[in-house]
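Inspection log for the structure reproduced underneath, given as structure tokens.
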Amino acid sequence: MTLDRATIATRLAEAGYVPDTDLAMALALMDMLQRPLLLEGEAGVGKTEVAKALAEIHSAPLIRLQCYEGLDASSALYEWNYQRQLLAIKTHERDGASAEAIEEQIFSHDYLLERPLLAAIRSETQAVLLIDEIDRADEEFEAFLLELLSDWQVSVPELGTIHAVTIPRVILTSNGTRELSDALRRRCLYHSIDYPDEARETRILTTRLPGIDQRLAAEIARLVAMVRKEDLRKVPGVAETLDWAAALIGLDISHLADNPETVHDTLICLLKTREDQSAMSREVIDRLIGKVA
């Protein structure tokens, strides 16, 4: 079922993901054109969460392929169940079957172990396929994906070409650690995700943490926006903002200026390196809180 941009935005928000209007349009076009969507942006901006929310609003299975250096086709597509094959070989040999008959039997779908890519196109229900951090995979694997994303089919030497039962909704994410090929980009729609502005991050906080006070949510969003402008090794993402907000709520903080010491002490939720925690000293936090109040 294809949804329009407004409906997608509403349903994503109901699922806990607050999109911008451009992302909602990209998701609507992805459905309309049956094209993969490439989401690019810094780590922590919510790219992976898009796929999770998309699966929820469509009541679809989420199939995730986490990419890494050295990922190959067998790990992403299929493997043979060697233990079952060996048992079957022994059984058929005992029954006097010919080598050709045994080979035909053991190289069949019954002995195939589906990995994410094959599982997605063989799913009876249209799945959401998340190919996460494609930029971490090698260029050879990226080239292997082209057949799947172009023709919705894959080649298994022992079985031939396997065509898709359903065409999955495909989300690819990239942190930009390396440049992706033009061939891959041509096969995808594209959307760049940045850190949310204060207004959208406030909405994210009130959506994901229903009990949070609106004033506190706005203060947190504003302070996090200022923290992101500091010279940090790892800029905090939305997940860190949510963790920090939950910690402040749990400690009964209703206004950042009321307890700056606790605000500073809880930055372990927001800042994830020793250098960044050292850079955000109590004096710096007091200065930023003064701008928030």
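Grab the beta carbon distance between ASP197 and THR177, set R0 = 22 Å, and tell me the FRET efficiency rounded to 0.05. It would help to have the intermediate numbers written out before the result.
Details: r = 25 Å, r/R0 = 1.14.
Using R0 = 22 Å, I get an efficiency of 0.30.
Stretched out fully, how many nm does the piece from TYR190 to LYS291 gain, at 0.36 nm a residue minus the Cα gap? Before the final figure, lay out each step's value.
On the way: separation 101, 0.36 × 101 = 36.36 nm, distance 3.64 nm.
Stretched out fully, the TYR190 to LYS291 stretch lengthens by 32.7 nm.
So how tilted is helix 214-228 from the main axis of the chain? Cα-based, degrees 0 to 90, rounded to 10.
In the chain, helix 214-228 runs at an angle near 80 degrees to the longest axis.
Would you please give the residues with an amide H less than 5 Å from that of VAL156, counting only those at least 5 places away or on a separate chain, with H modeled from the backbone geometry?
THR161, ILE162
How tilted is helix 198-208 with respect to the longest principal axis of the chain? Cα atoms for both, answer in degrees (0 to 90, nearest 10).
Roughly 60 degrees, rounded to the nearest 10.
When a footprinting reagent is the concern and you count Cβ atoms within 10 Å, what order do ASP197, ASP213 take, fewest first?
Working: ASP197 11, ASP213 15.
Ordered from fewest to most neighbouring Cβ atoms within 10 Å, ASP197, ASP213 come out as ASP197, ASP213.
What ranking do 233-239, 216-222, 268-274, 159-165 get when scored by the average of other Cβ atoms within 10 Å per residue, highest first?
Details: 233-239: 17.7, 216-222: 21.7, 268-274: 15.4, 159-165: 12.9.
Result, highest mean Cβ count within 10 Å first: 216-222, 233-239, 268-274, 159-165.
Can you work out the Karplus-derived ³J(HN,Hα) for every residue in the range 54-66? Use 6.51 cos²θ - 1.76 cosθ + 1.60 with θ = phi - 60°, whole Hz, and x for glycine or proline.
Calculated HN-Hα couplings, in order: 4, 4, 5, 6, 9, 6, 10, x, 9, 10, 10, 10, 8 Hz.
Using only Cα atoms, tell me the angle between helix 139-151 and the longest principal axis of the chain; keep it within 0 to 90° and round to the nearest 10.
70
Compare the peptides 176-182, 142-148 by average per-residue count of other Cβ atoms within 10 angstrom and give them in order, highest first. Walk me through the numbers before you get to the answer.
Numbers: 176-182: 11.9, 142-148: 18.1.
Per-residue mean Cβ counts within 10 Å order the peptides as 142-148, 176-182.
Please report how far the C-alpha centroid of the range 170-219 lies from that of the range 243-293, rounded to the nearest whole angstrom.
That distance is 23 Å.
Taking 0.36 nm per intervening residue step and subtracting the Cα-Cα distance, what contour gain separates SER278 from LEU146 on full extension? Before the final figure, lay out the partial values.
Details: separation 132, 0.36 × 132 = 47.52 nm, distance 4.53 nm.
Contour length minus the Cα-Cα distance gives 43.0 nm.
With the cut-off at 1.5 for a/c, could you classify the range 1-81 from its C-alpha gyration tensor as rounded, prolate or oblate?
Details: a/c = 2.14, a/b = 1.75, b/c = 1.22.
In terms of gyration-tensor shape, prolate.
Only counting other Cβ atoms within 10 Å, I'd like ILE131, ILE8, ILE167 sorted with the fewest neighbours first.
On the way: ILE131 27, ILE8 24, ILE167 14.
The most exposed by this proxy come first: ILE167, ILE8, ILE131.
Classify the range 198-292: rounded, prolate or oblate, from the alpha-carbon gyration tensor (a ≥ b ≥ c, eigenvalue square roots; a/c under 1.5 rounded; otherwise prolate if a/b is larger than b/c)? The partial results should precede the final answer.
Numbers: a/c = 1.60, a/b = 1.34, b/c = 1.19.
Verdict is prolate for the range 198-292.
Rounded, prolate or oblate: which fits the range 245-293, taking a ≥ b ≥ c as square roots of the Cα gyration tensor eigenvalues, rounded meaning a/c under 1.5, else prolate when a/b beats b/c? The partial results should precede the final answer.
Details: a/c = 2.43, a/b = 1.22, b/c = 1.99.
Since a/c reaches 1.5 but b/c is at least a/b, the shape of the range 245-293 is classed as oblate.
Most exposed first by the Cβ proxy, i.e. fewest other Cβ within 10 Å, how do TYR78, TYR190 rank? Could the numbers behind the result be given before it?
On the way: TYR78 22, TYR190 13.
Taking fewest neighbouring Cβ atoms as first place, the list is TYR190, TYR78.
Using a Cα-Cα cut-off of under 16 Å, which aspartates and glutamates could be cross-linked to LYS272, ignoring same-chain neighbours fewer than 8 residues away?
The qualifying aspartates and glutamates are GLU42, GLU230, ASP231, GLU240, ASP243.
Every number here is computed from the coordinates shown, using simple stated rules; none is lab data. On a predicted model such as this, the values are computed, not experimentally measured, just so you know. All Cβ positions, glycine included, derive from the backbone under ideal geometry; neighbour counts span all protein chains shown.
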